[in-house]
Amino acid sequence: MEARKVYVSGGSTYVISLPKKWVNKTNLKAGDSLVVTEHGSSLQIETGVIEKESKTKDIKISQITSSEALERILIAFYLVGYDTIKIKLDRKDHLAYREIIRNILDYLIGVEIVEDTNEAMTLEIMLDYKRMSTMQILQRMFSIDKSMLLDLGKALKNMDIGLAKDIIIREKEIDRLYFLVVRQLKSAVEYQQVAEKLGIISQKDCLGYRIVVKDLERIADHIENIAKSYIKLIDFQKAMQLNDFIDLNNNIVATFEKAVQALFTRNDEMAEIVFHELKKVEKSQSDISKELFKIEDIQSAILMKAMFDSLGRIASYSGDIAEVAINMSTEIS
């Protein structure tokens, strides 16, 4: 942090000098324009060239330990906002690396391969902040999670293995949206201009959204885990009745929906209702947990316990979202 004196120029214009280190870092020149945004008693100053500049990263696979490491690196560069990633295939055994690069398209939205030769591959990230706002994507994630939970109840009630398998497939779309939102939030934190285009009212809200998007992603993971455990459970118990579990699932769906609505509407009263309902969910969990000890087949009991624990985690994440809703609805006056 640096202190800067305020000077008066021309009798009515107030002027401060810019730190030389920052000017050099951003390649500012005399005559360039800056974007100034007011935040209460603070001013945020940004360069006005973020629309024109493109971030490019060069990678050599000879400097990467494995193809799995390349996958993690590509995701990291995607998240921090690179627009072009050039991968030099400077190893003879590069087929595994090629496969990773192609597979990355399955779970990173907006990524295209624009160069594919024996020597190199280039990824281009083509995203328009104006077309996909953060709130729209969060709403889409909520809709997918909710549909997965509702269909989970139907699958358990009707012993529908096909529907359970379809639920598992849908989880991949949540992962794709999760990576996209994290990329957006990282850019929004850095640039107020980006935050405004993404529909983020205040940059400080990015922290809350970061928590929420992770909760939505983890909820999908637990729904997937329940579906997988149920498919295995059917192999052991062809006529397994899970009425209590289905009722609990339906209650959690309703609580989850209220938590997300509280977030979208900044409604702290609705968020408090979520915490009240979670107490009832905890009571149901306790009752069901006692019944699990009466199951004679150990393998079935283990699978049902895994399903039960994942459902409990979904309820817990709903509470986390409600807490964020309360925090974001509270303003300093």
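For Lys283, what charge total do you get from the other residues with a beta carbon under 14 Å from its beta carbon, if Lys and Arg give +1 and Asp and Glu give -1? Please list the in-between numbers first.
Values: positive: Lys279, Lys280, Lys290; negative: Asp244, Asp247, Glu277, Glu282, Asp287, Glu291.
So the environment of Lys283 carries a net charge of -3.
Would you mind counting up the charge near Leu18? Only other residues with Cβ under 14 Å from its Cβ, with Lys and Arg at +1 and Asp and Glu at -1. Could you put the intermediate results ahead of the total?
Values: positive: Arg4, Lys5, Lys20, Lys21, Lys25, Lys29; negative: Glu2, Asp32, Glu46.
Here the charged neighbours net out to +3.
How many angstrom lie between the Cα centre of region 191-252 and the Cα centre of region 115-135?
Spelled out, the Cα-based centre of one part sits 27 Å from the other.
Is the C-alpha gyration tensor of region 33-184 telling us rounded, prolate or oblate? Criteria: a/c under 1.5 is rounded; beyond that, a/b larger than b/c is prolate, otherwise oblate. Walk me through the intermediate numbers first.
Values: a/c = 2.95, a/b = 1.14, b/c = 2.59.
Oblate, since a/c reaches 1.5 and b/c is not below a/b.
So for the chain, taking the charge dipole from beta-carbon charges (+1 Lys/Arg, -1 Asp/Glu), which of Ile298, Leu149, Leu18 sits furthest toward the positive end?
Leu18
With +1 on each Lys and Arg Cβ and -1 on each Asp and Glu Cβ, how big is the dipole of the chain about its Cα centre, in debye rounded to the nearest 20? Display every interim value, and only then the final one.
Numbers: 46 positive and 51 negative charges, 164 e Å.
Around 780 debye, computed over the chain.
How big is the Kirkwood radius of region 98-194, worked out from every pair of different alpha carbons and given in Å to one decimal? Please report the intermediate quantities before stating the final value.
Details: mean 1/r = 0.0635 Å⁻¹.
Radius from the Kirkwood sum: 15.7 Å.
Springs between alpha-carbon atoms under 10 Å, Gaussian network over the chain: tell me which of Ala30, Ala76, Ala164 tops the mean-square fluctuations.
Checking each option, the largest mean-square fluctuation is seen for Ala30.
Suppose every K and R has +1 on its Cβ and every D and E has -1 on its Cβ; what is the size of the dipole of region 199-242 about the Cα centre, in Debye to the nearest 20?
Roughly 60 debye for region 199-242.
Taking the Cα centre of region 116-170 as origin and charging only Cβ (+1 Lys, Arg; -1 Asp, Glu), how large is the dipole, in debye to the nearest 20?
Rounded to the nearest 20 debye, it is 480 debye.
Charges on Cβ only, +1 for Lys and Arg, -1 for Asp and Glu, centred on the Cα centroid of the chain; of Tyr209, Leu163, Ala195, which one is farthest towards the dipole's positive end?
Sorting the options by dipole projection puts first Ala195.
Pull out the extension gain between Asn243 and Lys86, defined as 0.36 nm times the separation in residues minus the alpha carbon to alpha carbon distance; nm, one decimal. Mind showing how you got there, number by number?
Values: separation 157, 0.36 × 157 = 56.52 nm, distance 5.34 nm.
This chain segment gains 51.2 nm when fully extended.
If you take the square roots of the eigenvalues of the alpha-carbon gyration tensor of the chain and sort them as a ≥ b ≥ c, do you get rounded (a/c under 1.5), prolate (a/b over b/c) or oblate?
Cα axes put the chain in the oblate bin.
Provide Leu70, Leu311 in ascending order of the number of other Cβ atoms located within 10 Å of each residue's Cβ, fewest first.
Leu70, Leu311
Which one, Phe264, Asn249, His222, is farthest towards the positive end of the dipole of region 209-270 when Lys and Arg carry +1 and Asp and Glu -1 on their Cβ?
It is His222, whose Cα lies furthest towards the positive end.
Pairs of Cα atoms under 8 Å, at least six residues apart: use those to get the relative contact order of region 141-207, whole percent. Could the numbers behind the result be given before it?
Numbers: 36 pairs, mean separation 13.7, N = 67.
Reported relative contact order: 20 percent.
Could you work out the relative contact order of the chain? I mean the mean sequence separation of Cα pairs under 8 Å and 6+ apart, divided by the number of residues, in percent.
Relative contact order for the chain comes out at 14 percent.
Taking the Cβ of Leu79 as the center, what net charge do the other residues with Cβ under 14 Å away carry, scoring Lys and Arg +1 and Asp and Glu -1? Could the numbers behind the result be given before it?
Working: positive: Lys55, Lys57, Arg72, Arg176, Arg183, Lys186, Arg210, Lys214; negative: Glu71, Asp83, Asp175, Glu190, Glu217.
With Lys, Arg at +1 and Asp, Glu at -1, the neighbours total +3.
Only the coordinates and a few stated rules stand behind these numbers; no lab work does. No experiment lies behind these values; they were computed from the predicted model shown. Here the Cβ is made from the backbone with ideal geometry for all residues, glycine too, and neighbour counts use every protein chain on show.
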